[in-house]
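> Quick one: the structure is below, questions incoming.
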Amino acid sequence: MNDSDAVAIEFVNVHYRTNGSRELISRLNLTVHRGETLMLLGRSGSGKTTTLKLINRILNASQGEVRVDGRSTAEWDAIRLRRHIGYAIQEAGLFPHYTVEKNVALIPSLEGWETARVRSRVQEVLQLVGLPFDQFADRYPDQLSGGQRQRVGLARALAADPPILLMDEPFGALDPITRAELQREFRQLKQRLSKTVVFVTHDVAEALMLGDRIALMDSGNLKGVFTPAEFLRSTDDAVQPYVNAFREAQQIFNSGGSGLCR
Amino acid sequence: MPVIAFFSVDRRQLATLTGEHLWLVGISMLIVVAVGVPLGILLSRRPGWRGIVLGSTNVIQTIPSLALFGLLLPMPWLGARADRLAILALSLYALLPVVRNTYTGITGVDAPVREAAVGMGLTPWQMLWHVELPLASPIILAGIRTATVITVGVATIAAAIGAGGLGEFIFRGLAMVDNSVILAGAIPAALMALFADLLLGLLQRSLVRVRH
């Protein structure tokens, strides 16, 4: 395997400006390797969601080039590009008038898969995200809990078996227990699926737990890319506040824990 | 009762005029839906046109109906055929609720749903067919319902330009100063409006219920 084969997504000197010419992304250079999970970590407004949307061309770079599988996204047909990439977002965005089965089946059906193949694939991905088909296929999104909706959103993103997965704070709106449960399952899932995942989060613990690498963003600039171990050891000024917050939480938890169970 | 007397005497004419009335309303509503829904969809794609289109359909509605029929009379081709003219006027009148509700329904689709649909790779047509129209359909139907009820009422004015319909009785009754003749036109027209409202209301509710 040569170098270009190992690269799934590449940002080359990418700028993104809004119409009012506010610069949301400045000179971004970033490489996502095939099969890795890259966490885009940053505060609100740091440009992480913008970066994600540049990959599937919901937004177009004002300058520079975003490459997916070695080809500039500008050269891709936007629809083909997006079907090559799974997309899961915070509120899941399930179609409220479709059952779970129809939600998950939509893209494979539009891709012209045979009915039987679509059905077995829907069963497979629902199983994968921990929702038994018989129990959930006929339900509507408003008959699901928040965690179940996220699972369906993930199943839908995986349905057509895209090699790349984009996730925009998919667990952000969940209660802490459900979130922990989904994070744990996602960790196992990503190992089994060997997909390239770009995952947006503002939660350090989530970034450390799920990421192979962490790209830290701040007001439109990439501050660096770290493995979780490097991130925790880093003395970088941009990293410090995150590590401190993480450690503080751990300390409070530890002391509180020891205080409680004397 | 004079009304009963009239109904028994002239049942055949009542049937003819009711038929004409239904025809005027039916054809007008077909045109309104065929023009109004696409126009509403177009507005959702070109928000810049919203002011001018909704504004002008709104202005049409403020023209008194009798005046609108009169204004259209001198139009070539149309002026010669009273029913065509009536249908044009009725369609113009009923356009606003359908255009507005289509636009409102489509732009009212939740942002995350829309974002997910775009991100999944739906083409604009697939988006319209699989997401926007089904989600907007109860609101669009509410607009069609309003428009239909308006049209049943306004269609009685069509008799003033000789386009027939139940308005014939109403205008004749006014001329004869005979309430029973007025009611022979007004009561069936009111019943027709109520019936159309009921029917479309049931359809609307069934569309909402489909999801549950």
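The values are calculated or read from the model by the stated rules, or taken from the named source; none is laboratory data. None of these values were measured; they are calculated from a predicted model. Here the Cβ positions follow ideal geometry from the backbone for every residue, glycine too, while neighbour counts run over all protein chains shown.
> Has the range B:162-181 got any residue that is outside any helix (DSSP H, G or I), of a type outside the set (Gly, Ala, Ser) and farther than 26 Å from residue B:81 by Cβ?
Our first condition is that a residue be outside any helix (DSSP H, G or I); within the range B:162-181, this holds for B:162-166, B:177-178.
Filter once more, keeping what is of a type outside the set (Gly, Ala, Ser): B:166, B:177-178.
Still in the running and farther than 26 Å from residue B:81 by Cβ: B:177-178.
Checking the range B:162-181: at least one residue is outside any helix (DSSP H, G or I), of a type outside the set (Gly, Ala, Ser) and farther than 26 Å from residue B:81 by Cβ.
> What do you reckon, is residue B:101 assigned to a helix (DSSP H, G or I), more than 20 Å from residue B:26 (Cα to Cα) and either in contact with a helix residue (DSSP H, G or I) (Cβ under 9 Å, 6 or more places away or on another chain) or modelled with pLDDT of 95 or more (or both)?
Details: assigned to a helix (DSSP H, G or I): yes; more than 20 Å from residue B:26 (Cα to Cα): no; either in contact with a helix residue (DSSP H, G or I) (Cβ under 9 Å, 6 or more places away or on another chain) or modelled with pLDDT of 95 or more (or both): yes.
No: the conditions fail for residue B:101.
> Something else about it: Of all residues in the range A:57-111, count the ones that are under 30 Å from residue A:13 (Cα atoms) and small (Gly, Ala, Ser). Break it down into steps so the answer makes sense when it comes.
Residues of the range A:57-111 that are under 30 Å from residue A:13 (Cα atoms), as a first pass: A:57-90.
Retained after the next criterion (residues that are small (Gly, Ala, Ser)): A:61-62, A:64, A:70, A:72, A:74, A:78, A:86, A:88.
Qualifying residue count for the region: 9.
> Right, another one. Test of understanding: among B:132, B:115, which residue is buried (at least 19 other Cβ atoms within 10 Å of the Cβ), charged (D, E, K, R), within 14 Å of chain A (Cβ to nearest Cβ) and within 23 Å of residue A:140 (Cβ to Cβ)?
Working: B:115 fails: buried (at least 19 other Cβ atoms within 10 Å of the Cβ).
Criteria check complete, one pass: B:132.
> Look at residue A:209 and say whether it is at pLDDT 90 or above and in a strand (DSSP E or B). Can you show your working first?
Working: at pLDDT 90 or above: yes; in a strand (DSSP E or B): no.
Taking the combined requirement at face value, the residue does not satisfy it.
> Residues A:59, A:52: which one is under 21 Å from residue A:155 (Cα atoms) and not in a strand (DSSP E or B)?
Values: A:59 fails: under 21 Å from residue A:155 (Cα atoms).
Result of the check over A:59, A:52: A:52.
> Determine which single condition residue A:162 fails, assuming it passes every other condition in (1) away from chain B (no Cβ under 14 Å); (2) in a loop (DSSP other than H, G, I, E, B).
With (1) away from chain B (no Cβ under 14 Å); (2) in a loop (DSSP other than H, G, I, E, B) applied to residue A:162, the lone miss is (1).
> Conditions first: (1) touching a helix residue (DSSP H, G or I) at 6+ places or on another chain (Cβ under 7 Å); (2) at the interface with another protein chain (Cβ under 10 Å from one of its Cβ atoms); (3) not aliphatic (A, V, I, L, M). Residue B:110 passes all but one, so which condition is the exception?
Looking at each condition in turn, residue B:110 falls short on (1).
> Within the range A:134-146, identify whether any single residue is touching a residue at least 12 places away in the same chain (Cβ under 8 Å) and closer than 23 Å to residue A:194 by Cα, and answer yes or no. Before you say what the answer is, go through the steps one by one.
To start, the set of residues in the range A:134-146 that are touching a residue at least 12 places away in the same chain (Cβ under 8 Å) comprises A:136-142, A:144-146.
Those still in the list that are closer than 23 Å to residue A:194 by Cα too: none.
No, because not a single residue in the range A:134-146 is touching a residue at least 12 places away in the same chain (Cβ under 8 Å) and closer than 23 Å to residue A:194 by Cα.
> Which of (1) within 21 Å of residue B:128 (Cα to Cα); (2) surrounded by fewer than 16 Cβ atoms within 10 Å (Cβ to Cβ) is the odd one out, the single condition residue A:117 does not satisfy?
Evaluating residue A:117 over (1) within 21 Å of residue B:128 (Cα to Cα); (2) surrounded by fewer than 16 Cβ atoms within 10 Å (Cβ to Cβ) leaves (1) as the failure.
> Could you go through the range B:126-146 and let me know if any residue there is in contact with a His (Cβ under 7 Å, 6 or more places away or on another chain) and within 30 Å of residue A:49 (Cα to Cα). Lay out the reasoning, then the answer.
To start, the set of residues in the range B:126-146 that are in contact with a His (Cβ under 7 Å, 6 or more places away or on another chain) comprises B:134-135.
Filter again for within 30 Å of residue A:49 (Cα to Cα), leaving B:134-135.
Scanning the range B:126-146, I find at least one residue that is in contact with a His (Cβ under 7 Å, 6 or more places away or on another chain) and within 30 Å of residue A:49 (Cα to Cα), so the answer is yes.
> For the range A:69-106: of the residues being part of a helix (DSSP H, G or I) and buried (at least 22 other Cβ atoms within 10 Å of the Cβ), which is nearest to the other protein chains (Cβ to nearest Cβ)? Step through it out loud before you land on a result.
Our first condition is that a residue be part of a helix (DSSP H, G or I); within the range A:69-106, this holds for A:78-83, A:100-106.
Within this subset, residues satisfying the condition of being buried (at least 22 other Cβ atoms within 10 Å of the Cβ) are A:82, A:100, A:103-106.
Numbers: A:82: 3, A:100: 13, A:103: 9, A:104: 11, A:105: 11, A:106: 7 Å.
Per the criteria, the residue is A:82.
> Quickly run through the range A:185-230 and pick out the residues that are surrounded by fewer than 18 Cβ atoms within 10 Å (Cβ to Cβ) and at positive phi.
Hits for the range A:185-230 are A:194, A:219, A:224.
> Determine whether the range A:189-198 contains at least one residue that is among the aliphatic types (A, V, I, L, M) and either assigned to a helix (DSSP H, G or I) or within 23 Å of residue A:249 (Cα to Cα) (or both). Give the derivation first.
Of the range A:189-198, the ones among the aliphatic types (A, V, I, L, M) are A:189, A:193, A:197-198.
Restricting the remaining residues to those that are either assigned to a helix (DSSP H, G or I) or within 23 Å of residue A:249 (Cα to Cα) (or both) gives A:189, A:193.
Taking every residue of the range A:189-198 in turn, at least one turns out to be among the aliphatic types (A, V, I, L, M) and either assigned to a helix (DSSP H, G or I) or within 23 Å of residue A:249 (Cα to Cα) (or both).
Let's see how each residue does on (1) surrounded by 19 or more Cβ atoms within 10 Å (Cβ to Cβ); (2) modelled with pLDDT of 90 or more:
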| position | (1), (2) |
| --- | --- |
| B:155 | yes, yes |
| B:170 | yes, yes |
| B:174 | no, yes |
| B:177 | no, no |
| B:180 | no, no |
| B:187 | no, yes |
| B:195 | no, yes |
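> Same structure again: Residue A:60 - would you say it is more than 8 Å from chain B (Cβ to nearest Cβ), polar (S, T, N, Q) and surrounded by 22 or more Cβ atoms within 10 Å (Cβ to Cβ)?
On the way: more than 8 Å from chain B (Cβ to nearest Cβ): yes; polar (S, T, N, Q): yes; surrounded by 22 or more Cβ atoms within 10 Å (Cβ to Cβ): no.
No; evaluated as a whole, the condition is false for this residue.
> Right, here's the next one. Just for helices (runs of 4 or more DSSP H) wholly inside the range B:1-77: which have at least 2 residues that are at pLDDT below 90, buried (at least 16 other Cβ atoms within 10 Å of the Cβ) and within 21 Å of the chain's Cα centre (by Cα)?
Details: elements: B:2-9, B:11-45, B:50-62, B:65-72.
Where helices (runs of 4 or more DSSP H) fall fully within the range B:1-77 and carry at least 2 residues being at pLDDT below 90, buried (at least 16 other Cβ atoms within 10 Å of the Cβ) and within 21 Å of the chain's Cα centre (by Cα), they are B:50-62, B:65-72.
> Of the conditions (1) more than 26 Å from residue A:52 (Cα to Cα); (2) out of contact with any Ser or Thr (no Cβ under 8 Å at 6 or more places or on another chain); (3) not hydroxyl-bearing (Ser, Thr, Tyr), residue A:93 satisfies every one except a single condition; which number is it?
Against the list (1) more than 26 Å from residue A:52 (Cα to Cα); (2) out of contact with any Ser or Thr (no Cβ under 8 Å at 6 or more places or on another chain); (3) not hydroxyl-bearing (Ser, Thr, Tyr), residue A:93 comes up short only on (1).
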